[in-house]
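Visitor: The following block contains the structure, expressed as C-alpha cells.
Bear in mind these aren't lab numbers, they're just calculated from the coordinates by the rules spelled out. Here the structure is a predicted model, which means the values were calculated and not measured. Positions of Cβ are generated from backbone atoms using ideal geometry, with glycine treated the same way; all protein chains shown enter the neighbour counts.
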C-alpha cells in the first residue's frame, strides 16, 4: 500500500518585502507537533505569492497593464472585453504561457499586484537551504502558482520552481500492468504535488504553505534541475498562437505571397 498525506498549517504571518521567508517558514514548521513536523523525504510546498512578497515583486495596481506588458515575451492570444482590460494570454520571462503573464491581484494588499519571482527555482533552493539548516532534515521544496489549462475550464496549481526533488517521473521504456512498453509517458511529479496541496491550502484561507508526505522516492540529495525543465520548448509547441492570431497571420502571409506573384 502507498499513502500520500498533505496538510497545510496555520500561523504564517503576512509576508512583507525583505522578510527572510526561509526563516519564517522554518519557525512555523519547527513549531508543529511531532507528527506534523517535516521529516526526511517530505516536500514543503509554498505559493509564489509569498515568495514574490518577500522578494519585493510588488507593484502598484494602477500599473498592472504595464506590468503585464513588461513581463511579456510573446503574445499568444489577445481578446478585447468591453469595459474591461483586454484578456492576454502570453509567454512570460520564465517561459510560462499564462493569462496576464502571471501578474496577480489576489491575496495582496489593496492597491498592489504581484509579479512572479524572477527565478522561482533559485527561490526554492534558498528556502530548501534555510529549512535544512533549521530543521536538520532532507526536504524537497516546490513553489506553486495558479494557471489555466488548454482544453479545460477552471484552474489548478502548478510548479513554477522546485529544489531537491525530481520534477518528472520518466516511465519510458518500462511496461504497463499488461506488459506493454511505455514509449511516451513522463509524469509531471511536481505539478501533481502542487495541485494536491491547493486542496488543503485553499485560495482565501491564508494558508500559503503545505507539507506532503509519501513522495520521498522523488526527494534528492542535491537541488536538481528545477521546474524550468517542464517548460515546453518552442520546437515542440503545436499551439504557439491563438486561433484568431493564426488566422490573421495566415491571411497576411497569403496576401503577401499573392502580391509577390502578381
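Visitor: Fewest Cβ neighbours within 10 Å first, please rank 116, 131 accordingly.
Guide: Exposure proxy ranking, most exposed first: 131, 116.
Visitor: Let me ask something else. Using only Cα atoms and rounding to the nearest 10 degrees, what angle (0 to 90) does helix 21-30 make with the longest principal axis of the chain?
Guide: 40
Visitor: In square nanometres, what is one fourth of the surface area of the convex hull spanned by the alpha carbons of the stretch 93-218?
Guide: Averaging across all directions leaves 10.3 nm² for the Cα convex hull.
Visitor: What angle, in degrees between 0 and 90 and rounded to the nearest 10, separates the Cα long axis of helix 189-201 from the longest principal axis of the Cα atoms of the chain?
Guide: With both axes taken from Cα atoms, the answer is about 70 degrees.
Visitor: How far is the Cα center of the stretch 1-73 from the Cα center of the stretch 105-159, in Å?
Guide: If we compute the Cα centre of each part, the gap is 6 Å.
Visitor: The list (i) 1.03; (ii) 0.96; (iii) 0.93 gives values of Rg/Rh (Cα atoms, Kirkwood Rh), and only one came from this structure; which label was calculated from it?
Guide: Working out Rg/Rh (Cα atoms, Kirkwood Rh) from the coordinates points to (i).
Visitor: While we're on this one: Taking Cα atoms, how many degrees apart are the long axis of helix 120-135 and the longest axis of the chain, rounded to 10 and kept between 0 and 90?
Guide: Tilt of helix 120-135: around 0 degrees.
Visitor: Right, next: If each Cα of the stretch 35-76 is one equal point scatterer, what is log10 of I(q)/I(0) from the Debye formula at q = 0.21, 0.22, 0.30 Å⁻¹?
Guide: -0.82, -0.86, -1.05
Visitor: Mind checking the alpha-carbon convex hull of the stretch 77-149 and giving the volume per residue in Å³?
Guide: Taking only Cα atoms, the stretch 77-149 has a hull volume of 120 Å³ per residue.
Visitor: Within a 10 angstrom radius of the beta carbon, how do 55, 245, 80 rank from fewest other beta carbons to most?
Guide: So the ranking, lowest neighbour count to highest, is 80, 245, 55.
Visitor: Using only alpha carbons, build the gyration tensor for the stretch 198-239 and give me the equivalent ellipsoid semi-axes, biggest first, whole Å.
Guide: 27, 20, 9
Visitor: Let me check against my output: what whole-number percent is the relative contact order of the chain, with C-alpha pairs under 8 Å and at least 6 apart?
Guide: 25
Visitor: Still on this structure: Taking Cα pairs under 8 Å and at least six residues apart, what relative contact order does the stretch 1-126 come out at, in percent?
Guide: 22
Visitor: Also: Enter the Cα centre distance for the pair the stretch 244-262 and the stretch 194-227, rounded to the nearest angstrom.
Guide: Cα centres, the stretch 244-262 to the stretch 194-227: 47 Å.
Visitor: OK, next. Counting every Cα pair in the stretch 1-58, what percent are over 15 Å apart?
Guide: 54
Visitor: As a test of the formula, what do you get for the chain when each DSSP H run with n ≥ 4 contributes -39,500 (n - 2.57) and the sum is divided by the residue count, at 222 nm and rounded to the nearest 500 deg cm²/dmol?
Guide: One gets -8500 deg cm²/dmol as the mean residue ellipticity at 222 nm.
Visitor: Compare 176, 236, 157 in a GNM of the chain, Cα atoms joined below 10 Å, and give the one with the largest fluctuation.
Guide: Maximum fluctuation in the GNM of the chain, among the listed residues, is at 176.
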